[in-house]
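The values are calculated or read from the model by the stated rules, or taken from the named source; none is laboratory data. Predicted model only: the values in this text are computed from it and were never measured. Because the Cβ atoms are built from the backbone with ideal geometry, glycine has one as well, and the counts that use them run over all protein chains shown. For the accessible areas, the whole protein counts, side chains as well, though only heavy atoms, and no ligand, DNA or RNA atoms are used. Shrake-Rupley method; radii C 1.70, N 1.55, O 1.52, S 1.80 Å.
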Amino acid sequence: MSQVIVQVENLNLSYKDLHAVQNVSFYVKPGEILAIIGQNGSGKTSTVECVEGLRKPDCGLIQVFKKNPWLHRREVYKEMGIQLQEVEYPSKIKVEEQCRLFASFYKRPANWNLLLTQLGLNEKRKHPIHKLSGGEKQRLSILLSLIGRPKLLVLDELTTGLDPEVRQNMWISFENIKKSGVAIIMVSHYLDEVEALADKILYLEKGKQQFFGTQQEFRKYVKGIVPQDEWEENVSLEKLYLMIAPKTTGLTMEGIL
């Protein structure tokens, strides 16, 4: 398949007796955003960790830039940026020190001083990272993922902890990044974010692939599953998802009162 950044075919991964990922297949082209959705424990993180070369799958094909990321992680990472939801930084290291360190890993790093300003972190450059707020740490994580001028970005819960205005600006930023030809894989529980950004959706449920395709195709997929009397036209992606997602038990007051 020409012009494909990430290609995954029949991915399987188990942890002892737990089948975390079963027969998952998808691909991402340059300038596309793929959103991976599903409940906690559905296999989203395990799938992404295989793409990142952090886990070796039991079987199946994974190619990133036409290379096996498990065997060629160092080469793949030259063109991949990864933003993680939770990151442990060296104790007491300052924001600008961490940026300078990341920039030293690349021959042609992005202008991290400019990125600090654009992400509203310039005034925090002398601050120890451990003293940043959750939203500030999230923005720093995004900045670090961009320093290597990646051709593939992997984003885990992109806007968790961000203010609404910052969140909207982040959406615009990644739309522009996508237009430059960068492929993006994003894991998100925010379906409004997925609806705003994603070209394609990979829907996982208990490790199994339920759907892969465009948002319009996802709408047709859901329409083919739900009873006709429950179907609603022109609803949000979140409502579509809730029509088919496994139901969970809500909180009751019985154990509190």
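Per-structure values
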{"read-out": "Cα centre as origin, Lys/Arg/Asp/Glu Cβ charges: the chain dipole, Debye", "value": "1340 debye"}
{"read-out": "Within straight-line cross-link reach of Lys67, lysines at Cα separation under 30 Å, skipping those fewer than 8 residues along the same chain", "value": "Lys16, Lys29, Lys44, Lys56, Lys78, Lys107, Lys151, Lys178, Lys179, Lys200, Lys206, Lys208"}
{"read-out": "Eligible lysines near Lys126 by straight Cα distance, threshold 16 Å, same-chain separation 8 or greater", "value": "Lys92, Lys94, Lys137"}
{"read-out": "At most 12 other Cβ within 10 Å, DSSP loop - trypsin sites (Lys or Arg not before Pro), segment 125-206", "value": "Lys126"}
{"read-out": "Helix-only [θ]222 nm of the chain, DSSP H runs n ≥ 4, -39500 (n - 2.57) each, per residue, nearest 500", "value": "-9000 deg cm²/dmol"}
{"read-out": "Filtered GluC sites (Glu not before Pro), segment 7-113: DSSP coil and at most 11 other beta carbons within 10 Å", "value": "Glu86, Glu88"}
{"read-out": "Accessible area of the chain belonging to carbon and sulfur atoms, whole % at 1.4 Å probe", "value": "49 percent"}
{"read-out": "Average accessible area per residue (Å²) across segment 102-257 - probe 1.4 Å, nucleic acids and ligands excluded", "value": "56 Å²"}
{"read-out": "Trypsin sites (Lys or Arg not before Pro) restricted to DSSP loop in segment 43-119 with at most 11 other C-beta within 10 Å", "value": "Lys66, Lys92, Lys107"}
